[in-house]
Amino acid sequence: ATAKPKRCLAPMIEVATHLRRRVTSDFGRDQSDPATCGRSAVMEAVLSCYADEGLCDASGRAARKTVYVEGAEVPEPLRLLLLKELRAWRADQKPGSRERPTIKAKAYTILTSPAQFQAGSTKALRAVAKLRRHARLWELAVEAMKGVDPAFAAAFTALAVTSQFVGSPHIDKRNVGPFYGLALGDFAEDEKTGGICVEASARVVCYVDTANRLGKIDGRNPRWVAPYDAGRERFSLIYYQTAGPREPPGPCVFSVPRDTA
């Protein structure tokens, strides 16, 4: 009865710990006692630090320097095939179907490679059955990845498939290395809509353009989805790895920034 609340609170605790560390290490203020400085107090301290450095906008929100990077473009014929499968997948979902209830999305499915489970185990058999139901979508997703990073296409262990995903800042603690993200649909009115944002440092954010592109990101840094028009169509495919040798955390992105703001 108590396991579910603990799982729901875990991301909040992780964010609070990260923010407390930021206030102390990046801004030199003492926020080391979690008993007297909860999440809301830490957030107020962070915003106060940004305000002191002139890094807040008129509404008091952090307005840090942003650098823009591009993912690798996926060929249009393959994108169209993927969109067809994604629309079929969405049409097959029950309203509000989400495998993780706390995720803000109209539909959310995780496809898992059975290779990471013990052969013949219940989890492996379930993974195989699920992949069979979505075999064409998985095949097309792998094909897209092979065109960008063949080694990762052979190594990733899971694929998160979403429709209208809205992601608040979080850290991918279970990932053993970077992930790739691809977004498809008509959501991208311009290149600064609906991409993936990831922190490069306390003062710099990277905006990764994943519209029709596969962007490589280390999600073990705080990341979130940039705002986009909710009335437009946005699907996302997130390729990640939770099994195998753990890579040391590296850069937050793996593309060369092209401009700043």
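The values are calculated or read from the model by the stated rules, or taken from the named source; none is laboratory data. These figures come from a predicted structure and were not determined experimentally. Here the Cβ is made from the backbone with ideal geometry for all residues, glycine too, and neighbour counts use every protein chain on show. When the accessible area is computed, the model is the full protein with side chains, heavy atoms only, and any ligands, DNA or RNA have been set aside. Shrake-Rupley method; radii C 1.70, N 1.55, O 1.52, S 1.80 Å.
Proximity of backbone amide H atoms, modeled 1.01 Å from N, is registered between Phe187 and Glu233 at under 5 Å, excluding neighbours fewer than 5 places apart on the same chain.
For the stretch 68-212, the solvent-accessible area with a 1.4 angstrom probe is 49 square angstrom per residue. The distance from the alpha carbon centre of the stretch 162-230 to that of the stretch 108-151 is 22 Å, rounded to a whole number.
Each residue of the stretch 67-74 was assigned a 3J(HN,Hα) from its phi angle through the Karplus expression (A = 6.51, B = -1.76, C = 1.60, θ = phi - 60°), giving 10, 10, 10, 10, x, 8, 5, 8 Hz with x at Gly and Pro. Computed from backbone phi with θ = phi - 60° and the Karplus coefficients 6.51, -1.76 and 1.60, the 3J(HN,Hα) list for the stretch 141-154 is 5, 5, 4, 4, 5, 4, x, 10, 8, x, 5, 5, 4, 8 Hz; x is used for glycine and proline. For the stretch 164-233, the relative contact order comes to 46 percent (Cα pairs under 8 Å, sequence separation of at least 6). Subtracting the Cα-Cα distance of Leu55 and Ala72 from 0.36 nm times their residue separation leaves 3.0 nm of extension gain.
Here's the list of lysines a cross-link from Lys130 could span, going by alpha-carbon distance under 18 Å and ignoring same-chain residues fewer than 8 apart: Lys94. Got the relative contact order for the stretch 141-261 handy, in percent, Cα pairs under 8 Å and 6 or more residues apart? Across the stretch 141-261, relative contact order equals 37 percent. Summarising the label geometry, the points placed 7 Å from Cα in the beta-carbon direction at Leu80 and Gln116 lie 3.4 nm from one another. The smallest convex shape that holds all Cα atoms of the stretch 137-261, its convex hull, gives 109 Å³ per residue.
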